[in-house]
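Below is one structure, written out as structure tokens, with a few remarks after it.
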Amino acid sequence: HEVTNHLHQSGCAVVLLSLGSKGSFISITSDENRLAQIIAKNNYWKAGSNIHIPAFAIPEGRKINTNGAGDALFAGFCWAASSIEKLTLEQAGNFASLVARQRCDS
């Protein structure tokens, strides 16, 4: 992704992009020193990693309110990244996606 490369070059170590109903994309900087400065405790996240997290489905016919879903995604990811549990990048992304889905279902 061109956007993630630009953000990494600007100093962002971790980039989370919401893709709406298509899920999200998470990118980790390839700069191991930069990554170690912010998530030293999480040795499951490898420099240069990229992952697409699919969105959790919402049953057909249900009225969907997506207002705040991106905020919920970000909040869920921040919680997962700072959790005392050492979650993999995929686990953190799936947790964030589930939080966003719950917001859409409320």
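If you put +1 on each Lys and Arg Cβ and -1 on each Asp and Glu Cβ, how big is the dipole of the chain around its Cα centre, in Debye rounded to 20?
The dipole of the chain has a size of about 180 debye.
Can you tell me the order of 87-96, 21-30 when each peptide is scored by its average per-residue count of other Cβ atoms within 10 angstrom, highest first?
The packing order, highest mean first, is 87-96, 21-30.
To the nearest 0.05, what FRET efficiency results for Ala75 and Lys22 with a Förster distance of 25 Å applied to their C-beta separation?
0.80
Only Cα pairs under 8 Å and at least 6 apart count here; give the relative contact order of the chain as a rounded whole percent.
Over the chain, the number comes to 26 percent.
Binning at 5 angstrom from zero up to the longest distance, how are the C-alpha pair distances of the chain distributed in percent?
2, 13, 23, 23, 19, 11, 6, 3, 1, 0
Using amide H atoms built 1.01 Å from N in the peptide plane, name the residues 5+ places from Ser24, or on other chains, whose amide H lies under 5 Å from its own.
Leu19, Ile53, Ala55
For the chain, find the longest principal axis of its Cα atoms and tell me its angle to the long axis of helix 89-104, 0 to 90°, nearest 10.
Between the helix axis and the principal axis of the chain, the angle is about 30 degrees.
With a bin width of 5 angstrom, please list the P(r) values of the stretch 56-106 as percents of all Cα-Cα pairs, from the 0 bin to the one holding the largest distance.
Final binned percentages: 5, 25, 27, 20, 13, 8, 3, 1.
Quick one: helix 69-82 against the long Cα principal axis of the chain, what's the angle to the nearest 10°, folded into 0 to 90?
For helix 69-82, the angle is close to 40 degrees.
Residue separation times 0.36 nm, minus the C-alpha to C-alpha distance between Ala57 and Ser10: what's the value?
Length difference between fully extended and current span is 13.5 nm.
Arranged from highest to lowest average of other beta-carbon atoms within 10 Å per residue, in what order do the peptides 6-12, 49-55 appear?
Ranking the peptides 6-12, 49-55 by packing returns 49-55, 6-12.
Grab the Cα-Cα distance for Ala47 and Gln102, subtract it from 0.36 nm times how many residues apart they are, and report the gain in nm with one decimal.
Result: 16.8 nm gained on full extension.
We did not get these values from a lab; they are worked out from the coordinates using the rules stated. From a predicted model like this one, the values you see are computed outputs, not experimental measurements. Cβ sites come from the backbone with ideal geometry, for glycine too, and all protein chains shown count toward neighbours.
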